[in-house]
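Since every read-out is calculated from the coordinates, none of them should be taken as a lab result. The model shown is predicted, which means the values in this text are computed figures rather than measured ones. All Cβ positions, glycine included, derive from the backbone under ideal geometry; neighbour counts span all protein chains shown.
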Amino acid sequence: MKCSKETWIRTIVLIVSLVNQVLTVLGKNPLPFSDEAVYQGVSAAVTTAASLWAWWKNNSFTTAAVEADQLMQQMKKEQKK
């Protein structure tokens with residue numbers, strides 16, 4: 001059985017999350033981070049993800065670029081037919 005890298009990553013993240021949850025229920029603090037540090041980390045991750053997504057996507061600001069996008073979409077539709 002060969003699993004993809006993504007499957008292994010998801011499985012590891014799930015296991016760590018479950019262990020963390022069980023330890024939290026038992027009154028242990030498995031991750032030595034304050035609430036503020038967690039908030040800052042999550043905020044930084046969301047900002048980074050949004051920045052990368054916005055950078056990766058085709059952002060057409062000029063009239064010519066918008067028209068080119070429309071032409072490309074039309075060509076893709078015709079190609080599927």
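Any lysines with Cα under 28 Å of the Lys57 Cα? List them, leaving off those in the same chain fewer than 8 positions away. Within the straight-line limit of under 28 Å, Lys57 reaches these lysines: Lys5, Lys76, Lys77, Lys80, Lys81.
Computing volume of the Cα convex hull per residue in Å³ for the structure here picks out one of [x] 180; [y] 72; [z] 152, namely [x]. Each of Ala54 and Val42 was given a label point 7 Å from its Cα along the Cα-to-Cβ line. The distance between the two points is 2.1 nm. Over the chain, dividing the summed -39,500 (n - 2.57) contributions of all DSSP H runs of at least 4 residues by the number of residues returns a 222 nm mean residue ellipticity of -26000 deg cm²/dmol.
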